[in-house]
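Since the structure comes first, as structure tokens, the remarks are kept for the end.
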Amino acid sequence: MAKVIFEKVVKRYQSNARDTVRELSLAIDDGEFLVLVGPSGCGKSTVLRMLAGLISVTDGKISIDGKDITRLPPKDRDISMVFQNYALFPHLDVYDNVAFGLKMRGAPKNEIDDRVREAAALLGIEPLLHKKPKELSGGQSQRVAVGRAIVRRPKVFLFDEPLSNLDAKMRTQMRAEISRLHRRLKATAIYVTHDQCEAMTMADRMVVLHDGVIEQCGTPHEIYSAPRNTFVATFIGSPPMNLFAAEFTSAGGAAGLKINNLTLPLPPQLSAGGAARLETGRKYTFGIRPEHIYLAERIFPGVNACAPLACEVELAESMGNDVVLHCNSGGLAFQASLKHDFPVKSGDRINVVFALDKSHIFGENGERGI
Amino acid sequence: MTTGDERKDAVGYVFTAPYLLFLLVFTAYPLLFSFYLVFHSWDLITPPEYVGLKNFYFLLHDTDFWQALLNTLIFLAIHIPAQVVFSIMIAMALAEKIAAKTFFRAAFFLPVIISGAVVTILWAKLYSTDAGIFNQLLALAGIAPVKWLTSTGLAMPSIAVMATWKNMGFYIVLFLAGLLSIPAHLYEVSKIEGTTRWQDFRYITLPLLKPTMLLVVVLSTFGAFSLFIEPYVMTGGGPLNSTMSVVLYMYKQAFLFQHMGYAATVGFALAAIILLVVLVQKKYLDSESH
């Protein structure tokens, strides 16, 4: 069992500076794969390094399995960490790199050998055991770094952007390997990344951090389908969610949202009583993901769509499977992501519809809560 | 080749000409001339006289030369380990977050830029048997004066201590650069893996400082074999030739006794010995780091 709990944890690097991490509270279940995701400088690596004991905690408490580890030295926390730049010892071969922790802790030689070979077999690095790090590729180096982390069988694994230095193909491969390894080891893992794709594909649960606070914590599906605020809405998802400043209107008896000169009917999730919570004349933000905008003539049956919207395609970016259209409808700019089987090119005029049942409404402060 | 290329080459030669001239006059010519002298006897006044391999024969049977070589090796045996050990220790201290770090870095480097002759005169006063500060400090502790520079057993070690102090700043800078180039992540790994400070030093710092150490050992070997100014100023090679270094011996042969051919032979023998020692050091340190 390895349950990790952060209780109102604060990190301030200098006494007069603003907090890098602000009263962060979070519980990570035993065996869970939790991903901390956020833009550069949001404090995600700081959170991980405080858990590792590599930097001090200014205030608050961190515990593993109920034991307060806030002030314990790293070696007494029963954790291991995989670093972005692998952090392999250049003068040691792969075997000695993997065995390093066990050797330093004075484990018996035969036990070290058994464990190193077991980890090597698990990661497929047996043929590399006598090579030096400089002879390894990026992917191989990261496997060795993972091997060094698992060989000691710690309670908690920490990953600090471990795939950032790899090329796109190797990243995808290693992503799957780490996920498989986690399922096999069933240990608690905390993984830091700025790559939302990694976060979405690997996490049991993900935490979106911004400016040292948790913006949202939930399963990847929850965060994608019900972002708590406009920051999460635009940070998760590529291309990002389209956001429009909107006003609630009930002119002529029909409740709707006024965006520029366009009036959209209320989304179905709001029209059944939610309208009462919207106030006439108040500002809201209407959000729609690019993949929830369809060509009017290709709308799927059952989609609750608004009236067709004529727009000009300013730019069409082919992504292989999809094409991202940068559209403009009378000054209203947005992006739509369509399947590639419909030939659209820059300069075309097309009609699109918004799938209102997939849309999002945020309050004036950018929070969902409506 | 086109005319343009030829002009380009000519410009290149013009720009390199001053240095080439310097090299020819002050390096190539003396080197070639001293090689010529190896096979000659010359007293600076009469024309050089061809003597074949006589200078080498004499060198092999010259007990004073072998004494000078032994003295130099004693100096080397004290100076190099002391240089490496103290430079690493001080560099490690200076790499930490300590107060007045910049002051200490400058202070340790200061002796390097002070003239060798000045430092030597200063240390000769410190080592003075009657009025030197070392003996005064010993007297405070009730210890009898020590003949730092006038005893055959202590004179060379005393010079080695002074030379180590004088040159250490330079090697501290080299080790500091080596230490700062070790990635901080490696120490973070070791913190997590639970190493002691000694294990950090033994298994991370020391192996990763091997290239710097090789450089320091080679450079200080060159320096140690070139030992001249310190014994020249402090002891004149005495007492009883106990601080006579090979270079000082070569100097005396050349400019005191006008044995220019023999001095050149000593010089070439020294170059061969340095080459041999450095090759052995390199081989040992290379195999250690692999």
Exercise for the section: Considering (1) surrounded by fewer than 16 Cβ atoms within 10 Å (Cβ to Cβ); (2) not in a helix (DSSP H, G or I), say which one B:L279 fails and leave the rest. Expected result: (2)
Problem - Of the criteria (1) part of a helix (DSSP H, G or I); (2) in contact (Cβ under 8 Å) with a residue 40 or more places away in the chain; (3) closer than 20 Å to A:F33 by Cβ, which one A:A176 fails - result: (2)
Problem - Residue among A:L122, A:L158 that alone is modelled with pLDDT of 95 or more and either outside any helix (DSSP H, G or I) or not hydroxyl-bearing (S, T, Y) (or both) - result: A:L158
Practice task
Answer yes or no as to whether B:L149 is in contact (Cβ under 8 Å) with a residue 40 or more places away in the chain, within 30 Å of A:Q84 (Cβ to Cβ), touching a helix residue (DSSP H, G or I) at 6+ places or on another chain (Cβ under 9 Å) and more than 9 Å from chain A (Cβ to nearest Cβ).
Solution key: no
Fill in the blank from the handout: Among B:V189, B:V247, B:V233, the single one that is of a type outside the set (S, T, Y), closer than 18 Å to B:L73 by Cβ and part of a helix (DSSP H, G or I) is B:V247
Completion exercise
Residue count, segment B:184-203, condition closer than 15 Å to A:F89 by Cα and within 7 Å of another protein chain (Cβ to nearest Cβ), comes to 9
Fill in the blank from the handout: Just one listed residue, out of B:A95, B:A107, is more than 30 Å from A:D160 (Cα to Cα), modelled with pLDDT under 95, away from chain A (no Cβ under 14 Å) and surrounded by 11 or more Cβ atoms within 10 Å (Cβ to Cβ), and it is B:A107
Problem - Subset of segment A:59-83 that is acidic (D, E) and outside any strand (DSSP E or B) - its residue that is farthest from B:G194 (Cα to Cα) - result: A:D65
Practice task
Return yes or no: is A:V37 of a type outside the set (D, E), surrounded by fewer than 18 Cβ atoms within 10 Å (Cβ to Cβ) and at pLDDT 95 or above?
Solution key: no
Completion exercise
Expected single match for among the hydroxyl-bearing types (S, T, Y), more than 30 Å from B:R202 (Cα to Cα), within 30 Å of the chain's Cα centre (by Cα) and in a helix (DSSP H, G or I) among B:Y13, B:Y19 is B:Y19
Completion exercise
Taking segment B:115-146 and the residues there that are within 20 Å of the chain's Cα centre (by Cα) and without any contact (Cβ under 8 Å) to a residue 24 or more places away in the chain, the one that is farthest from B:V216 (Cα to Cα) would be B:L122
Problem - Search result, residues across segment B:204-214 that are surrounded by fewer than 16 Cβ atoms within 10 Å (Cβ to Cβ) and more than 10 Å from every other protein chain (Cβ to nearest Cβ) - result: B:P211
Exercise for the section: Kindly indicate whether any position in segment B:218-237 is of a type in the set (A, V, I, L, M), surrounded by fewer than 21 Cβ atoms within 10 Å (Cβ to Cβ) and closer than 30 Å to B:P48 by Cα. Expected result: yes
Practice task
Considering only segment B:145-188, state which residues are of a type in the set (D, E, K, R) and closer than 28 Å to B:S245 by Cα.
Solution key: B:K147, B:K166
Completion exercise
Of the listed residues (A:D357, A:D322), the one being surrounded by 13 or more Cβ atoms within 10 Å (Cβ to Cβ), of a type in the set (D, E, K, R) and within 24 Å of the chain's Cα centre (by Cα) is A:D322
Handout entry: Considering residues of segment A:41-63 that are surrounded by 21 or more Cβ atoms within 10 Å (Cβ to Cβ) and on the phi > 0 side of the Ramachandran plot only, the residue nearest to the other protein chains (Cβ to nearest Cβ)
Key = A:G53
Practice task
Could you check, for segment A:200-223, whether at least one of its residues is aliphatic (A, V, I, L, M), in contact with a helix residue (DSSP H, G or I) (Cβ under 6 Å, 6 or more places away or on another chain) and at pLDDT below 80?
Solution key: no
Handout entry: Residue satisfying all of: in segment A:100-121; within 13 Å of chain B (Cβ to nearest Cβ) and loosely packed, with under 15 Cβ neighbours inside 10 Å; farthest from B:S181 (Cα to Cα) among these
Key = A:G106
Exercise for the section: For B:L73, work out the one condition from (1) out of contact with any Leu (no Cβ under 8 Å at 6 or more places or on another chain); (2) farther than 19 Å from B:G238 by Cβ; (3) not charged (D, E, K, R) it doesn't fulfil. Expected result: (2)
Exercise for the section: For residues that are touching a Ser or Thr at 6+ places or on another chain (Cβ under 8 Å) and not hydroxyl-bearing (S, T, Y), scanning just segment A:78-99, find the one that is nearest to the other protein chains (Cβ to nearest Cβ). Expected result: A:H91
Problem - Unique residue being farther than 29 Å from B:T152 by Cβ and touching a helix residue (DSSP H, G or I) at 6+ places or on another chain (Cβ under 9 Å) when the list is B:L69, B:L37, B:L31 - result: B:L37
Handout entry: Any chance A:K75 is more than 26 Å from the chain's Cα centre (by Cα) and either away from chain B (no Cβ under 11 Å) or farther than 13 Å from B:K191 by Cα (or both)
Key = no
Fill in the blank from the handout: Only one of (1) surrounded by fewer than 15 Cβ atoms within 10 Å (Cβ to Cβ); (2) of a type outside the set (G, A, S); (3) at pLDDT 95 or above does not apply to A:Y95, and that is (1)
Practice task
Looking at (1) within 14 Å of chain B (Cβ to nearest Cβ); (2) modelled with pLDDT under 95; (3) out of contact with any Pro (no Cβ under 7 Å at 6 or more places or on another chain); (4) more than 30 Å from A:G237 (Cα to Cα), find the lone condition where A:G66 falls short.
Solution key: (1)
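Yes/no per residue for (1) in contact with a Lys or Arg (Cβ under 6 Å, 6 or more places away or on another chain); (2) under 14 Å from B:V173 (Cβ atoms); (3) in a helix (DSSP H, G or I):
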| site | (1), (2), (3) |
| --- | --- |
| B:L69 | no, no, yes |
| B:F75 | no, no, yes |
| B:I78 | no, no, yes |
| B:A82 | no, no, yes |
| B:F86 | no, yes, yes |
| B:I98 | no, no, no |
| B:F109 | no, yes, yes |
Problem - Given (1) in a strand (DSSP E or B); (2) more than 16 Å from the chain's Cα centre (by Cα), number of the condition A:Y86 does not satisfy - result: (1)
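The values are calculated or read from the model by the stated rules, or taken from the named source; none is laboratory data. From a predicted model like this one, the values you see are computed outputs, not experimental measurements. Note that each Cβ is placed from the backbone with ideal geometry, even for glycine, and that neighbours are counted across all protein chains shown.
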